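For reference, the structure discussed in these notes is given below.
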Amino acid sequence: MKIAFIAGQLGQGGAERQLYYYIKTLKQNGSEPYVLCITRGQFWESKFRELGVPVIWVGKSTNKLIRLFAIVKEISKRPTDVIHSQHFPMNLYGFMAGLVLGISSIGSLRSNVYDEIADAGYLGKFSFRLPKLLVCNSENGIKNAQILGKTEGQLFYLPNVVDENHFTPSLASTYNQKLKVVFVGTIWPPKRVDRILRVAKICLDTNINVDFYIYGEGEQLDQLKRISTNLGVQDKNLHFMGRISDPLAAYQQSDVFLLTSDREGTPNVLLEAMACGLPIVSTDIGDVSAYIKSGHNGFIIESPNEEQKIVVSLEMLSNNRLLSKEMGSINRKIIEEKASLKTLGRLLTELYLPYESTK
């Protein structure tokens, strides 16, 4: 199989990590993928090149028609069986390029559909409606896509996976003196990192033995640092740690993973933290409830009063470290059974086989 992936960026996001997993697995199985990207010089680009995968920059112009022409031109240079858009805003480019070149194309949905359409502006509806097949990383996304008119045959469930051989539990047998709670992700509005600041304030004021560590960068970082200073939690029980290229150490040095988003598909960080043997405290978004059962392997926080409920959950884990360890062990087993990298080859074969048979 010769597959052209179109990516909006190759930064340190979950969609980009999953693209790396796809490409690595495809290469191992004898396929010939390549990547067309709007940006250049970002984190995953060098990783793809190390695999021997071409990464071609098609974002010289900001004009969408000129970008489309660049994409068509590059794909026309290479034998290609299928075009796969990895990011929702790229769906339209992939569809149009396939139409021009007579090549089948696949689109992607990586969140709850509604927000993706809204974020894409006036082209959002076309990015959703035009692709004949959409790859979804969450069952919640599939449900919403069907509500908006897609049929079962137009949707393919490709759940996120995690490299369970890389993301492993810490071998340390001792507990942190204070419950160490970690967040890893982009610091921008949908992640609702502001909730963590207010939770930290409640914990500080009520002497709950918890420290918070926030790993990541983003458009809200400076604003949230100012807020944390005003709340009096900065560098007391809350710490901004900056960007981290490999979050493994952050997970292994922590006791709990906290996710406070308003929207997700199936978050990569959720699976990574579970693979590292951490209990999860998360808002009820995307497919989180398919992995986490409250009181069993973590806590799902439902609105309203999310922040107070997060505090209660963290206090419980702080007071019962054995429970925390037991939840983490359950999470590791769940990843090994249903979200390990070894499951990806079969899923990709199911996805691409129809296009191979029509060559």
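Potential lengthening of the chain between H296 and N320 amounts to 7.3 nm, from the contour at 0.36 nm per residue minus the alpha-carbon distance. Taking every alpha-carbon pair under 8 Å whose residues sit at least 6 apart, region 179-338 reaches a relative contact order of 25 percent.
Going from the residue with the fewest nearby Cβ atoms within 10 Å to the one with the most, S329, S228, S340 rank S329, S340, S228.
So how tilted is helix 344-356 from the main axis of the chain? Cα-based, degrees 0 to 90, rounded to 10. On a 0 to 90 degree scale, this one is about 20. Amide H contacts of S294 (H built 1.01 Å from N, in plane; Pro and chain starts excluded): I300 sit under 5 Å, all sequence-distant by 5 or more or on other chains. Net charge in the neighbourhood of C37 (other residues with Cβ under 13 Å of its Cβ; Lys, Arg +1, Asp, Glu -1) is +2. Couplings 3J(HN,Hα) for region 82-89, derived from phi with the Karplus relation 6.51 cos²θ - 1.76 cosθ + 1.60 (θ = phi - 60°), are 7, 10, 10, 8, 7, 10, 3, x Hz, where x marks Gly and Pro. Within a straight-line Cα-Cα reach of under 30 Å, K73 can be paired with the following lysines, leaving aside sequence neighbours fewer than 8 residues apart in one chain: K2, K24, K27, K47, K60, K64, K125, K132, K359. The relative contact order of the chain, computed from alpha carbon pairs under 8 Å that lie at least 6 residues apart in sequence, is 15 percent.
With distances taken between every two different alpha-carbon atoms, region 179-338 has a Kirkwood hydrodynamic radius of 15.4 Å. Here the chain is assigned +1 on the Cβ of each Lys and Arg and -1 on the Cβ of each Asp and Glu. Its dipole about the Cα centre then comes out at about 840 debye.
When Lys and Arg each count +1 and Asp and Glu each count -1, what net charge do the other residues less than 14 Å away from L197, Cβ to Cβ, add up to? Once positives and negatives cancel, what remains is +1. For the pair region 241-299 / region 143-189, the C-alpha centres are spaced 6 Å from each other. Computed per residue of the chain from DSSP H runs no shorter than four, each worth -39500 (n - 2.57), the mean residue ellipticity at 222 nm is -12500 deg cm²/dmol. Put in order of Cβ neighbour count within 10 Å, fewest first, the listed residues F69, F183 become F69, F183. Of E152, E356, the sequence from fewest to most neighbouring Cβ atoms within 10 angstrom is E152, E356. Once the mean of 1/r is taken over each pair of separate Cα atoms and inverted, region 81-130 shows a Kirkwood hydrodynamic radius of 10.7 Å.
Here, each number is a calculation from the coordinates, and none is a lab measurement. These numbers were taken from a predicted model, which means no experiment stands behind them. Positions of Cβ are backbone-derived with ideal geometry, glycine not excepted, and every protein chain shown enters the neighbour counts.
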